[in-house]
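Here the structure is laid out as structure tokens; the discussion comes afterwards.
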Amino acid sequence: MSLPKNLKLTDLILKEPVDFKAMGQDDQIKYQRHRRRTSYTGGESVAFTVGSNKRNINPENLTREDIRFLKKMSKSELEEALSLIQRVRRGRVLKRIKAKLRRGQALARRRVASLATLTKRARRAARNLILNKITKGVKKGDLPFARRQELERRLEKPAIARRLATIAKRLIPQMRKAEVQRKRSANLKRAGAK
């Protein structure tokens, strides 16, 4: 048996099938790719927290309650400072269920937002206002990981949390007005399409 020119003997020894796209590539790179492919063993559950509620979610068998729980997570909760491992695990779970989440978002867009949703939006807007003031206009995504963690800790302090609550309360009427405007424009577009 003759081997292709740039295929090494170690390529045949690896447990995974030989990756012909990467023939002759460095063994370390191949090994890292192999580890990435086989790193998720299945059956692992990932811990998610929404407010004070904690839930372990297994991406292999998602229930409707799991999906509802994930939908309750606001964008700010998803962006909170996480450890690297938590970030990777959460990314895997959300990638697996992205179609279900997208479908839920489309259905939610058709409905008028409830008071709970408006309150959540107001809380997020208040949080963004305070973050904007602290960072002097620099976007949270542009900040380094350590700075984001520090800001999250700062926002959790009781004094700032109380201020957030009062600002959010004042923002609810604005959120309601924006929601009514959104529905009105959506209805006009739908009527214009017919």
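The values are calculated or read from the model by the stated rules, or taken from the named source; none is laboratory data. Just so we're clear, the structure is a prediction, and the values are computed from it rather than from any experiment. For neighbour counting, all protein chains shown are included, and Cβ atoms are generated from backbone atoms with ideal geometry for every residue, glycine included.
Details
- Residue in the range 92-146 that is surrounded by the fewest Cβ atoms within 10 Å (Cβ to Cβ), counting only those that are basic (Lys, Arg) and within 19 Å of Ala168 (Cα to Cα): Lys133
- Among the candidates Val138, Val180, residue that is aliphatic (A, V, I, L, M), out of contact with any helix residue (DSSP H, G or I) (no Cβ under 9 Å at 6 or more places or on another chain) and not assigned by TED's automatic domain parsing to the domain that holds Asn56: Val180
- Any chance Ala125 is under 30 Å from Leu84 (Cβ atoms), within 20 Å of the chain's Cα centre (by Cα) and free of Cβ contacts under 8 Å to residues at least 60 places away in the same chain: yes
For every residue, the table says whether it meets (1) more than 29 Å from Arg55 (Cα to Cα); (2) over 24 Å from the mean Cα position of the chain (by Cα).
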residue: Ala99; (1), (2): no, no
residue: Thr135; (1), (2): yes, no
residue: Pro144; (1), (2): no, no
residue: Pro173; (1), (2): yes, yes
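- Residue match in the range 81-91 (condition: surrounded by 12 or more Cβ atoms within 10 Å (Cβ to Cβ), modelled with pLDDT under 75, more than 30 Å from Gln181 (Cα to Cα) and within 14 Å of the chain's Cα centre (by Cα)): yes
- Residue pairs meeting the criteria (Cβ under 9 Å; at least 6 apart or on separate chains; first within 24 Å of Lys139 (Cβ to Cβ), in the range 149-171; second loosely packed, with under 13 Cβ neighbours inside 10 Å and among the small types (Gly, Ala, Ser)): Leu155/Ala161
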